[in-house]
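Engineer: Quick one: this structure, given as structure tokens, is what I'll be asking you about.
The values are calculated or read from the model by the stated rules, or taken from the named source; none is laboratory data. These numbers come from a predicted model, not from an experiment. Note that each Cβ is placed from the backbone with ideal geometry, even for glycine, and that neighbours are counted across all protein chains shown. Surface accessibility is based on the protein's heavy atoms, side chains included, excluding ligands, DNA and RNA. Shrake-Rupley method; radii C 1.70, N 1.55, O 1.52, S 1.80 Å.
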Amino acid sequence: MIFWGPPGVGKTTLANIIANYLKRPFYTLSAINSGVKDVREVIEKAKSQQFFGTNNPVLFIDEIHRFSKSQQDSLLGAVEKGTITLIGATTENPSFEVISALLSRCQVYILKEQTKDDLLKLINIALTQDEFLKKKKVVIKEYESLLQLSGGDARKLLNTLEIVINSFSTNNKIEITNDIVVNTVQQNLVRYDKTGDQHYDIISAFIKSIRGSDPNGAVYWLARMIEGGEDPKFLARRMLILASEDIGNANPTALVIANNCFQAVNVIGFPESRIILSQTAIYLATSPKSNASYMAINMAQELVKKTGNLPVPLHLRNAPTKLMKDIGYGSNYKYSHGYEGNFEAQEYLPDEIKGTTLFEPGNNTKEASYRTFLKDKWKGKYNY
């Protein structure tokens, strides 16, 4: 089985509980400092124990996502034959980090962050049962900062609690408040793994907040990434893409603002870049939206894949030589600027797909004007 969840939710503890309950030998490896050799040694020990009738051992591998493909491959035979019972722990999505052959032989269990009630119970257990802490006369008047600093991580909560208690030199009654916790720990280090699921989940929430025209959500998720140490150029790049994909010609200035933001953060950097990123995120979130350009290129590419290399109509072909002109290249082409209003209707698509509508303007004010323009010019030729 594989336990997938954030740090400090009890993955290792749960593996220990299972092994103890089943009265199985328990081996632990960390993928950070173990390799194929270590895995094979455990498997050989397990085989020798089987010979003497001992129950199959539990092999717990922490950070299993850090194992390479060859290292994960070395587990397959022993897992398949039941030589070992594998329990892997990972903070990353096993769908991406664990090879499919091993994943198909495992049951994945998703462990969630500790709830507020869980953490409060844990504090109470620590203060009443821990060999060191139960000797102290600790009274916690306010819990909010302890819980906030933990971020749902039980290990971090206990470490923070111990640091705060150790900061008191008195043996008398210790009273803990939010201010004392914050001043002792000094800063709240936001959990944000720039290469893991947190990275992808939070940037997804950021983009969807802007797309959904919510400046509050946009600024909140932006702040989460800034506090987590995200590269400002990455944030600016994502907004540059969004300005075209989700806003487009509903507000063409959005692309200009986003591009200027990208240029500015390259020059300035943190901490001042946060102001420019915030301004841009809010501007994009409050802009009218249209994905018409995005959908148009998607449809056009699908059409190209479906219809192949259709010939360019003769009247649109380039005719740099007399021979090309003689065989009809460029003939009957209507030069738009030679006509009233700089427009004259003619076909610009290959004959096999003529009349196909790829660009469908949105219903917002800006693109509605494009719809009127196209209707007037093409007079029903396309579905505008």
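Engineer: Being more than 20 Å from Asn251 (Cα to Cα), open to solvent by 20 Å² or more (accessible area, probe 1.4 Å) and part of a helix (DSSP H, G or I) is the filter here; which residues of region 205-231 pass it?
Structural biologist: Answer for region 205-231, where residues must be more than 20 Å from Asn251 (Cα to Cα), open to solvent by 20 Å² or more (accessible area, probe 1.4 Å) and part of a helix (DSSP H, G or I): Ala205, Asn216, Val219, Tyr220, Trp221, Ala223, Arg224, Ile226, Glu227.
Engineer: Right, here's the next one. Return the pair list, or none, for Cβ contacts closer than 7 Å from residues in region 343-355 that are part of a loop (DSSP other than H, G, I, E, B) to residues that are open to solvent by 90 Å² or more (accessible area, probe 1.4 Å), at least 6 apart or on different chains.
Structural biologist: If the second residue must be open to solvent by 90 Å² or more (accessible area, probe 1.4 Å), the pairs left are Glu347/Lys354.
Engineer: What do you reckon, is Lys112 in contact with a Gly (Cβ under 7 Å, 6 or more places away or on another chain), modelled with pLDDT of 85 or more and open to solvent by less than 50 Å² (accessible area, probe 1.4 Å)?
Structural biologist: For Lys112, the condition - in contact with a Gly (Cβ under 7 Å, 6 or more places away or on another chain), modelled with pLDDT of 85 or more and open to solvent by less than 50 Å² (accessible area, probe 1.4 Å) - is not met.
Engineer: With the structure loaded, tell me whether Asn363 is out of contact with any strand residue (DSSP E or B) (no Cβ under 9 Å at 6 or more places or on another chain), among the polar types (S, T, N, Q), over 30 Å from Met239 (Cα atoms) and open to solvent by 90 Å² or more (accessible area, probe 1.4 Å) or whether it fails that test.
Structural biologist: It is false that Asn363 is out of contact with any strand residue (DSSP E or B) (no Cβ under 9 Å at 6 or more places or on another chain), among the polar types (S, T, N, Q), over 30 Å from Met239 (Cα atoms) and open to solvent by 90 Å² or more (accessible area, probe 1.4 Å).
Engineer: Does region 71-84 include one or more residues that are within 19 Å of Ala15 (Cα to Cα), in contact with a strand residue (DSSP E or B) (Cβ under 6 Å, 6 or more places away or on another chain) and of a type in the set (S, T, N, Q)?
Structural biologist: The answer is no; no qualifying residue exists.
Engineer: Also, I was wondering about something else. Restricting to region 265-317, name every residue that is outside any helix (DSSP H, G or I) and open to solvent by 40 Å² or more (accessible area, probe 1.4 Å).
Structural biologist: Listed by number, the residues that qualify are Phe270, Pro271, Glu272, Thr286, Pro288, Lys289, Asn291, Asn309, Leu310, Pro311, Val312, Arg317.
Engineer: Read through the list (1) open to solvent by 80 Å² or more (accessible area, probe 1.4 Å); (2) touching a Lys or Arg at 6+ places or on another chain (Cβ under 7 Å); (3) farther than 30 Å from Asn55 by Cα, then give the number of the only condition that Glu80 fails.
Structural biologist: (3)
Engineer: For region 43-72, how many residues are part of a helix (DSSP H, G or I) and open to solvent by 60 Å² or more (accessible area, probe 1.4 Å)?
Structural biologist: 8
Engineer: Answer yes or no as to whether Thr85 is surrounded by 17 or more Cβ atoms within 10 Å (Cβ to Cβ), among the polar types (S, T, N, Q) and within 23 Å of the chain's Cα centre (by Cα).
Structural biologist: no
Engineer: Right, another one. Within region 320-338, does at least one residue satisfy the condition of being in a loop (DSSP other than H, G, I, E, B), open to solvent by less than 70 Å² (accessible area, probe 1.4 Å), in contact with a Lys or Arg (Cβ under 8 Å, 6 or more places away or on another chain) and among the hydroxyl-bearing types (Ser, Thr, Tyr)?
Structural biologist: The answer is yes, given that some residue of region 320-338 is in a loop (DSSP other than H, G, I, E, B), open to solvent by less than 70 Å² (accessible area, probe 1.4 Å), in contact with a Lys or Arg (Cβ under 8 Å, 6 or more places away or on another chain) and among the hydroxyl-bearing types (Ser, Thr, Tyr).
Engineer: Now a separate question. Anything in region 245-254 that is under 19 Å from Gly212 (Cβ atoms) and either among the basic types (Lys, Arg) or assigned to a helix (DSSP H, G or I) (or both)? List them, or say none.
Structural biologist: Selection gives Glu245, Asp246, Ile247, Gly248, Ala250, Ala254.
Engineer: Here is a further query. Being open to solvent by 60 Å² or more (accessible area, probe 1.4 Å), in a loop (DSSP other than H, G, I, E, B) and among the polar types (S, T, N, Q) is the filter here; which residues of region 6-42 pass it?
Structural biologist: Scanning region 6-42 gives a single hit, Asn33.
Engineer: On the basis of being on the phi < 0 side of the Ramachandran plot, of a type in the set (Val, Ile, Thr) and open to solvent by less than 30 Å² (accessible area, probe 1.4 Å), does Thr90 make the cut?
Structural biologist: So Thr90 passes the test.
Engineer: Right, next: Regarding Asn124, is this residue surrounded by fewer than 19 Cβ atoms within 10 Å (Cβ to Cβ), closer than 22 Å to Lys11 by Cα, in contact with a helix residue (DSSP H, G or I) (Cβ under 7 Å, 6 or more places away or on another chain) and of a type outside the set (A, V, I, L, M, F, W, C)?
Structural biologist: Numbers: surrounded by fewer than 19 Cβ atoms within 10 Å (Cβ to Cβ): yes; closer than 22 Å to Lys11 by Cα: yes; in contact with a helix residue (DSSP H, G or I) (Cβ under 7 Å, 6 or more places away or on another chain): no; of a type outside the set (A, V, I, L, M, F, W, C): yes.
In short, no.
Engineer: Just one of Tyr384, Tyr333 is modelled with pLDDT under 80 and among the hydroxyl-bearing types (Ser, Thr, Tyr); which is it?
Structural biologist: Result: Tyr384 is the single residue among Tyr384, Tyr333 that is modelled with pLDDT under 80 and among the hydroxyl-bearing types (Ser, Thr, Tyr).
Engineer: Find all pairs meeting these conditions: Cβ atoms under 8 angstrom apart; at least six residues apart or on different chains; first residue within region 107-124 and of a type in the set (S, T, N, Q); second residue surrounded by 12 or more Cβ atoms within 10 Å (Cβ to Cβ) and not in a loop (DSSP other than H, G, I, E, B).
Structural biologist: Gln107/Ile2; Gln114/Leu122; Gln114/Ser150; Gln114/Ala154; Gln114/Leu157
Engineer: I've got another one for you. In region 144-197, what count of residues is obtained for those that are at pLDDT 75 or above and assigned to a loop (DSSP other than H, G, I, E, B)?
Structural biologist: Number of matching residues: 7.
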